[in-house]
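The values are calculated or read from the model by the stated rules, or taken from the named source; none is laboratory data. Remember, it's a predicted structure, so these values are computed and weren't measured experimentally. FYI the Cβ positions are ideal-geometry reconstructions off the backbone, even for glycines, and counts take in every protein chain you see. Just so you know, the surface numbers come from the protein's heavy atoms only, side chains and all, with ligands and any DNA or RNA stripped out. Shrake-Rupley method; radii C 1.70, N 1.55, O 1.52, S 1.80 Å.
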Amino acid sequence: MGVVTYNYDSTSPVAPARLFKAFVLEADKVWPIAAPHAIKSIEVEANPGPGSIVKVNFVEGLPFQYMKHQIGENDENKFSYSYSLIEGGPLGDKLEKINYENKFEAAVGGRSVYKSSMKFYTIGDYVITEDEIKALIKGSEGVYKAIEAYLLANPDACN
């Protein structure tokens with residue numbers, strides 16, 4: 001097994017507090033509304049705290065039916081959160097899991113910077129390439145940008 005770390009940054013016109021609320025605290029409500037082209041539903045086991053499992057169900061026609069995340073730590077004051085992708089999605093037979101440590105930071109003019117550190121845990125001798133990682137990020141960006149657009153179009157959402 002190998003471990004590959006990849007860091008990714010992106011900017012947003014939406015404030016960090018609203019993004020944190022949409023992506024973490026209210027994801028089960030916001031994602032299916034904001035990204036109906038991709039997200040069918042989100043199921044949360046028990047209280048959405050550390051150790052809980054969150055199942056993201058995708059609409060038909062996408063390459064994956066679902067993925068399961070195990071929640072790590074969330075810090076509402078720092079707008080940071082972590083989780084591990086532990087089942088489904090892009091894992092297949094090449095990846096054991098992907099750990100994510102994410103943070104929304106304040107930027108000039110009420111904007112924000114999204115920072116993500118990802119660790120890909122590979123199975124056997126498999127080596128994930130930067131191009132494969134970028135392709136996974138590109139797929140996720142479609143949902144991210146849809147949620148961002150939803151927040152911009154609905155200024156009262158996630159306040």
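Just a few scattered comments:
- Flag if Val113 is touching a His at 6+ places or on another chain (Cβ under 7 Å) and either assigned to a strand (DSSP E or B) or at pLDDT 95 or above (or both): no
- Considering only residues in the range 22-47 that are among the acidic types (Asp, Glu) and within 15 Å of the chain's Cα centre (by Cα), the one that is nearest to Gly89 (Cα to Cα) turns out to be Glu43.
- Filter result for the condition that a residue is open to solvent by 60 Å² or more (accessible area, probe 1.4 Å) and modelled with pLDDT of 95 or more, over Ile123, Ile147: Ile123
- Among residues of the range 39-68 being of a type in the set (S, T, N, Q) and part of a strand (DSSP E or B), the one that is farthest from Asn99 (Cα to Cα) is Ser41.
- Sole residue being modelled with pLDDT under 95, in a strand (DSSP E or B) and open to solvent by 60 Å² or more (accessible area, probe 1.4 Å), chosen from Asn74, Asn159: Asn74
- Considering residues of the range 77-91 that are at negative phi and open to solvent by 40 Å² or more (accessible area, probe 1.4 Å) only, the residue farthest from the chain's Cα centre (by Cα): Asn77
- Within the range 2-14, residues that are touching a residue at least 12 places away in the same chain (Cβ under 8 Å) and open to solvent by 40 Å² or more (accessible area, probe 1.4 Å) sit with their Cβ atoms under 6 Å from residues that are assigned to a strand (DSSP E or B) and among the aromatic types (Phe, Trp, Tyr), at 6+ positions apart or across chains, in these pairs: Val3/Tyr121; Val4/Phe120.
- Meets criteria (over 21 Å from Pro90 (Cα atoms), open to solvent by 50 Å² or more (accessible area, probe 1.4 Å), of a type outside the set (D, E, K, R) and in contact (Cβ under 8 Å) with a residue 12 or more places away in the chain) for Pro50: yes
- Scoring Ile33 on the criteria (1) open to solvent by less than 60 Å² (accessible area, probe 1.4 Å); (2) out of contact with any Pro (no Cβ under 9 Å at 6 or more places or on another chain) leaves a single failure, condition (1).
- Check on Phe58, open to solvent by less than 80 Å² (accessible area, probe 1.4 Å) and more than 13 Å from the chain's Cα centre (by Cα): yes
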